[in-house]
Every structure is written in structure tokens, then in C-alpha cells.
Amino acid sequence: MTKLIIIRGNSGSGKTTIAQKLQHTLGTGVMLVGQDDIRRNVLNVPDHPHNLAIRLIEDIVNYGIAHCDYVILEGILNRGKYGSMIARLMNQSHVEAYAYYFKLSFHETVRRHHLKEDTDFDEAAMASWFVENDILNDKNEMYLDETMSEHEIIRKILEDII
């Protein structure tokens, strides 16, 4: 049974860093699917409801489910735009799904964003994208708060999935 790990949250919260470290820790054959990679780099489409990236992300994740032990999906993955897709992925009978949401304040996301060396957007853009408490309302979604370090987050996810 494939384990699907979904890591969501506002821009700048640390999703990509955690997903990459988790993939590295789990080893070879772990598929990492980044929303930004597909939406911005592959398709170059705006993040609107029903954009082309939603279906492609779902198809890629399903490919990983068919061929990998672990699939990590990371991104803002706003509930209003991606919630139906996430529910379909999580509710497959042959998938063991784990969802994590970075439940952080805007101030904390900005602080974390400023820790990055290369950034292609500023605080004003982050403010325009920020959605407070964009939770899935799924009993299986767990929250990661600002008190947790990267190490603690990785440890928690590994304890959950292994």
C-alpha cells in the first residue's frame, strides 16, 4: 500500500524544505510532487480554480501511487482550489494518506520566508496570497505549528508513516 504524504500551507511556511528533507530521509524511489513545479514551471498557469495544473498534479500523484512506496505532495494547495483533488487522492482504498498543514501566522510565514537565500516574491505578494486557517476539515489532517522545529516536524511525520 502506497503512503501518500500531503504537506500544505501558506507560501513561505517551509513546506518545500520539509518535503525535500523527508524525501532524502526516506531514500530512493520516493516521488516528490511540488505544486509550484507543475503549475509554474511545467504549465506556467495562474493559480485559479480549475487551472490545468490541478488535473496534472492528480495524474502525476496517481502515477506515483501506482509505482512508489511513498509519494509526497507539497504546495499551498488551497482548499478551495485543490480540496476536491486532495480528497480523491486521500480516499483511494489502496492509499494510506497523511496530511499535514502548516498552521502559522502571517508574521511567522514572513519570518521564515526571509530565512531563504533566493526568493522571487516579497511580503506584499505573500499578504495577497495568505489564507488563514485553510484547513481541509478532514479528521486525518494534522497541524504543524510555529513551535515545531524542522527536526521535530520530520520526526513526527516519520513516526506517523513508518
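The values are calculated or read from the model by the stated rules, or taken from the named source; none is laboratory data. Every value quoted in this text rests on a predicted model; they were computed, and no experiment measured them. Cβ coordinates were reconstructed from backbone atoms using ideal geometry, including for glycine residues, and neighbour counts include every protein chain displayed. Remember, those area values only see protein heavy atoms, side chains included, never the ligands or the DNA or RNA. Shrake-Rupley method; radii C 1.70, N 1.55, O 1.52, S 1.80 Å.
The Cα atoms of the range 33-162 give a gyration tensor whose axes a ≥ b ≥ c have a/c of 1.5 or more with a/b no greater than b/c, which makes the shape oblate. Spin-label model, Arg111/Lys139: points 7 Å from Cα along the beta carbon direction are separated by 3.4 nm. If the segment from Ala124 to Ile162 were pulled out straight at 0.36 nm per residue, it would be longer than the present Cα-Cα gap by 9.7 nm.
Where the only charges are on Cβ atoms (+1 Lys, Arg; -1 Asp, Glu), what is the dipole of the chain about its Cα centre, to the nearest 20 debye?
The calculation lands at about 320 debye.
Accessible area ranking (1.4 Å probe, heavy atoms, ligands and nucleic acids excluded), largest first, for Lys15, Lys81, Lys116: Lys116, Lys81, Lys15. Rolling a 1.4 Å probe across all protein chains gives Glu150 an accessible area of roughly 90 Å². Surface composition of the chain: carbon plus sulfur atoms contribute 49% of the solvent-accessible area (1.4 Å probe, protein chains only, all chains present).
Counting Lys and Arg as +1 and Asp and Glu as -1 over every other residue whose Cβ lies under 13 Å from the Cβ of Val131, the net charge comes to +1.
For Lys156, the lysines whose Cα comes closer than 19 Å to its Cα, not counting residues fewer than 8 places off in the same chain, are Lys3, Lys15, Lys21, Lys103, Lys139. Largest GNM mean-square fluctuation among Met85, Met148, Met31, using the chain with Cα springs under 10 Å: Met148. Largest accessible area first, the residues Thr17, Thr25 order themselves as Thr25, Thr17 under a 1.4 Å probe with ligands, DNA and RNA left out. The dipole here belongs to the range 39-129: it is taken about the Cα centre, uses +1 on the Cβ of Lys and Arg and -1 on the Cβ of Asp and Glu, and is about 300 debye.
In terms of the mean number of neighbouring beta-carbon atoms within 10 Å, the peptides 47-58, 101-112 order highest first as 101-112, 47-58.
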